[in-house]
Structure formats: C-alpha cells, structure tokens
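> Quick one: structure below, then a few questions.
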Amino acid sequence: MSLTDLPILGMLRTRMHWHQARQALLAENVANADLPNFRPRDLAEPRGPGAGAALAAPLGAAVGGDGLARTEPAHFGLSTESGPNADPRRFKGFEVRPSGNGVNLEEEMMKAGDNQSDYQLVASLYQKSLDALKIAVGKR
C-alpha cells in the first residue's frame with residue numbers, strides 16, 4: 001500500500017477536487033452575469049463515504065430548506081419560498097433582474113474567495129500530512 005492511498009489523504013484529495021470543480025462553476029456564473037435568463041449554479045457539499053463526518057448534520061437534527069440544522073423543535077427556520085415576506089422574483093435572497101438573470105456578482109465573488117481559502121486550507125493539510133508520514137517512515 002502506498003502512502004498516498006491512505007483514507008485521510010483520499011478524503012483530502014476528494015475535497016480539493018470538489019473545490020476545483022466549484023471554482024469552475026463560480027467562474028462560469030460570473031462570466032454569464034449578463035446572459036438573459038441565466039441562473040447561477042453551485043455544487044452541493046460532498047456527502048457519503050470518504051466525504052468526512054464533519055460535513056453531516058448532527059444525529060436527530062432536521063435540516064430545513066435553508067440548509068440549517070434544527071436540533072430543537074422550537075428553532076425557527078428561514079424560508080425564501082413561502083411565508084409573509086416571500087417574493088417569487090427573488091433568487092436565493094437577491095433580486096432577479098428583468099432579463100431573468102439571477103447572478104449577483106458580489107455574492108459570487110464572496111463564494112469564490114471563501115472557496116479559494118478553503119482549498120488552500122485543504123491543500124495545506126494534505127501537504128502537512130504527507131510531511132508527517134515521510135518523517136514517520138524516515139524519508140525526511
């Protein structure tokens with residue numbers, strides 16, 4: 001078994017690939033900010049085996065349409081689809097332009113910056129894990 005075949009390194013590699021694919025989608029959203037009827041897209045967080053248990057909601061918690069986990073039934077939920085303040089012209093909390101385009105450049109740039117810093121964190125963890133394994137094996 002190779003050092004790079006360890007499950008933790010596989011998880012980190014999967015996460016780095018996810019961040020790369022998400023960055024490409026965010027760049028596509030920015031590039032199509034003036035295209036009529038274009039809706040921004042984003043990737044869902046990786047779930048399942050190899051994705052990391054920290055990404056899942058706590059056991060017994062209901063996840064609402066806003067993506068927030070409700071650990072207590074008394075917690076209020078946020079919803080942009082229904083309720084007294086719902087507006088069908090809004091897309092993910094921002095106004096859709098008359099051309100039908102739902103891209104908000106500020107939001108997309110914030111997502112891209114967050115995605116970049118998350119990628120750098122995962123890449124750093126990957127490099128530090130490899131360095132620690134090399135030290136343990138005696139190659140450094």
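> Given the conditions (1) within 26 Å of Gly113 (Cβ to Cβ); (2) of a type outside the set (Phe, Trp, Tyr); (3) at pLDDT below 65, which single one is not true for His75?
Going through (1) within 26 Å of Gly113 (Cβ to Cβ); (2) of a type outside the set (Phe, Trp, Tyr); (3) at pLDDT below 65 one by one, His75 breaks only (1).
> Considering only the stretch 4-17, how many residues are open to solvent by less than 70 Å² (accessible area, probe 1.4 Å) and not polar (S, T, N, Q)?
7
> Ok, one more. For the stretch 37-57, does any single residue satisfy the condition of being modelled with pLDDT of 60 or more, part of a loop (DSSP other than H, G, I, E, B), over 28 Å from Tyr119 (Cα atoms) and open to solvent by 40 Å² or more (accessible area, probe 1.4 Å)?
Yes.
> Counting only residues that are in contact with a Leu (Cβ under 6 Å, 6 or more places away or on another chain) and surrounded by fewer than 16 Cβ atoms within 10 Å (Cβ to Cβ), how many does the stretch 113-140 have?
Qualifying residue count, the stretch 113-140: 0.
> Within the stretch 18-34, identify whether any single residue is farther than 30 Å from Ser124 by Cβ, more than 15 Å from the chain's Cα centre (by Cα), surrounded by 13 or more Cβ atoms within 10 Å (Cβ to Cβ) and at pLDDT 90 or above, and answer yes or no.
There is at least one residue in the stretch 18-34 that is farther than 30 Å from Ser124 by Cβ, more than 15 Å from the chain's Cα centre (by Cα), surrounded by 13 or more Cβ atoms within 10 Å (Cβ to Cβ) and at pLDDT 90 or above.
> Restricting to the stretch 1-38, name every residue that is touching a helix residue (DSSP H, G or I) at 6+ places or on another chain (Cβ under 9 Å) and polar (S, T, N, Q).
Thr4, Gln20, Gln23, Asn29
> Pairs needed: first member in the stretch 6-30, among the acidic types (Asp, Glu); second member anywhere, open to solvent by 30 Å² or more (accessible area, probe 1.4 Å); C-beta distance under 8 Å; at least 6 residues apart or different chains.
Taking only residues 6 or more apart or on different chains, the pairs are Glu28/Arg41.
The values are calculated or read from the model by the stated rules, or taken from the named source; none is laboratory data. Because the structure is a prediction, the values reported are computed rather than measured. Reconstructed Cβ throughout: ideal geometry from the backbone, glycine too, with neighbour counts over all protein chains shown. Heavy atoms of the whole protein, side chains included, go into the accessibility calculation; ligands, DNA and RNA do not. Shrake-Rupley method; radii C 1.70, N 1.55, O 1.52, S 1.80 Å.
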